[in-house]
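Trainee: Below are the structure tokens for one structure; questions will follow.
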Amino acid sequence: MTIKHILKLCLLLLIFSCNNDSHLTKIEGKRLDIDENIATNQTIEDFIKPYRESVNKNLDSVISYAPDTYSKSDGELNTAIGNLMADAVYDEGNIVFNKRTGKNIDFVLLNHGGIRAIISKGNITPRTAYEVMPFENSVVVVALKGEQVLQMMTYLSKAKRAHPVSRQLQLTLNKNGDVSSATVNGEPINKEKAYYVASNDYLYNGGDRMTFFHPNDSLYVLDYKIRNVLIDYFKKKDTLNPKRDNRFIQLNN
């Protein structure tokens with residue numbers, strides 16, 4: 001029965017009810033559990049099977065190798081998996097950004113919560129990328145004044161989480177957790193300079209209370225999903241070798 005037929009039936013019932021001075025007094029519903037007890041429709045299964053097998057074959061094809069297991073909990077301010085993701089967005093995203101604009105991304109900022117799975121030791125497949133980044137988040141590049149970049153550094157210093165940043169950014173906190181040093185490509189952040197910061201659309205729209213992306217000089221939407229970035233990055237790396245480093249650290253004295 002189509003929606004058109006259902007609407008006609010509802011209209012007829014309404015007319016009948018009005019003519020007989022009837023009133024709706026109760027609506028009842030029944031819960032239908034969707035679980036393993038539902039009988040399989042073999043016709044549908046036979047139709048879907050070749051597509052499922054093709055998708056699984058592609059998702060499980062080996063494209064790289066991880067010599068260790070990497071988790072977002074393996075560091076306080078920067079993690080191997082977070083560094084990998086931020087560097088991947090820089091390396092792959094900058095190819096697209098530079099081709100379109102002739103400019104280069106200055107650095108990348110992502111969010112700790114966006115890492116949704118570990119990278120396990122062993123073979124890396126496209127499925128790995130879908131597990132690490134199951135969302136539809138895409139890369140955007142935002143032109144920000146240095147003053148806003150400094151606000152970003154303050155946010156990172158107070159967040160106390162390992163939000164991934166790419167290797168072009170070096171952020172050091174003192175023992176009290178305040179910003180001691182912040183450089184981009186080895187240079188102190190200039191309040192008046194425009195910086196091209198790559199992130200994802202979720203953060204650009206205020207996710208994780210990252211409000212410093214607005215206002216901005218310009219926005220570039222790369223139409224490049226983060227998980228596709230990871231797949232392209234993995235394909236270029238025979239063996240992954242991400243490490244924690246000094247891109248975001250806190251001094252103890």
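Trainee: Out of ARG127, ARG161, I need the residue that is more than 22 Å from LEU222 (Cβ to Cβ), touching a helix residue (DSSP H, G or I) at 6+ places or on another chain (Cβ under 6 Å) and part of a helix (DSSP H, G or I). Which one?
Mentor: Only one candidate passes the filter, namely ARG127.
Trainee: A follow-up question, please. Taking the residues in the stretch 130-158 that are within 22 Å of the chain's Cα centre (by Cα), hydroxyl-bearing (Ser, Thr, Tyr) and part of a helix (DSSP H, G or I) as candidates, determine which candidate is farthest from ARG209 (Cα to Cα).
Mentor: TYR130
Trainee: Additional query: Against the conditions (1) over 18 Å from the mean Cα position of the chain (by Cα); (2) at pLDDT 95 or above, where does TYR220 fall short? Just the number, please.
Mentor: For TYR220, the failing item is (1).
Trainee: If you don't mind, another one. Looking at the stretch 178-205, which of its residues are out of contact with any Gly (no Cβ under 7 Å at 6 or more places or on another chain) and either of a type in the set (D, E, K, R) or modelled with pLDDT under 95 (or both)?
Mentor: The answer is ASP178, GLU187, ASP201.
Trainee: Provide a single number: the residues in the stretch 119-133 that are small (Gly, Ala, Ser) and either within 15 Å of VAL229 (Cα to Cα) or surrounded by 15 or more Cβ atoms within 10 Å (Cβ to Cβ) (or both). Explain how you work it out, then say what you get.
Mentor: Restricting attention to the stretch 119-133, the residues satisfying the condition of being small (Gly, Ala, Ser) are 120, 122, 129.
Pick out the ones that are also either within 15 Å of VAL229 (Cα to Cα) or surrounded by 15 or more Cβ atoms within 10 Å (Cβ to Cβ) (or both) and you get 129.
Residues in the stretch 119-133 being small (Gly, Ala, Ser) and either within 15 Å of VAL229 (Cα to Cα) or surrounded by 15 or more Cβ atoms within 10 Å (Cβ to Cβ) (or both): 1 in total.
Trainee: So, in the stretch 220-253, exactly how many residues are touching a Leu at 6+ places or on another chain (Cβ under 9 Å) and assigned to a strand (DSSP E or B)?
Mentor: So the answer is 3.
Trainee: Any residue at all in the stretch 167-183 that is within 21 Å of SER71 (Cα to Cα) and not β-branched (Val, Ile, Thr)?
Mentor: yes
The values are calculated or read from the model by the stated rules, or taken from the named source; none is laboratory data. Since we're looking at a predicted model, the values are computed, not measured. All Cβ positions, even for glycine, are placed from backbone atoms using ideal geometry, and neighbour counts span all protein chains on display.
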